[in-house]
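The numbers here are math on the coordinates, done by the rules we state, and not lab data. Small disclaimer: the values here were computed from a predicted structure and weren't measured. Note that we place each Cβ from the backbone using ideal geometry, even for glycine, and neighbour counts take in every protein chain shown.
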Amino acid sequence: MFKAFVLSKKKIVIVTALLASAAMGGLIYNYSKDSQAVSGSPGQPRTIHMVTGEFKSTTEDGKEIEAYRWDPGNIYIKKGETVNLSIFGVNGASHPFIIEGTNIKGEVKKGKETIVPFKADKEGIYRLLCLTHPDIAHHGPMIAYIVVD
């Protein structure tokens, strides 16, 4: 016989949030991948604004869990394009970082803006990796992907 599928109010909110997040992710992906710089002077590097973020929650047994993220988590640039990553520290005191596959390293501090010039002459995916939060054991992974095509 047919069993009814019943959702609680909490489950409906979670499902709605997940669907909205997936839809926004698709919109951001499509917009970011095909977008052009709309400000600045011709020949000047495009600025990509980022922030540090934190998610916190409590498990059913009362344990607090957290994770740190770069936002946005995916950045698209053209091969040979010079950009400035303008990263503002919102959550977390300090985020020392590297961009794998390059010699770029630095630190983002809470309440401060860090400008990171970036140019890739090779296509690929470069990981912006926070060295404090590299994996789940350290409240991560705090990784942004710089996609160069």
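Using a simple spin-label model with points 7 Å from Cα along the Cα→Cβ vector, what separation in nm is obtained for Glu100 and Thr59?
2.7
By average Cβ neighbour count within 10 Å, what is the ranking of 100-113, 130-143 from highest down?
Per-residue mean Cβ counts within 10 Å order the peptides as 130-143, 100-113.
Go ahead and run the numbers for FRET between His138 and Val51, Cβ-Cβ distance against an R0 of 22 Å, rounding to 0.05. Walk me through the numbers before you get to the answer.
Numbers: r = 19 Å, r/R0 = 0.88.
Efficiency for this residue pair is about 0.70.
Which net charge results when you count Lys and Arg as +1 and Asp and Glu as -1 among the other residues whose beta-carbon is under 15 Å from that of Pro117?
Working: positive: Arg46, Lys105, Lys119; negative: Glu81, Glu113, Asp121.
Net local charge, Pro117 excluded: 0.
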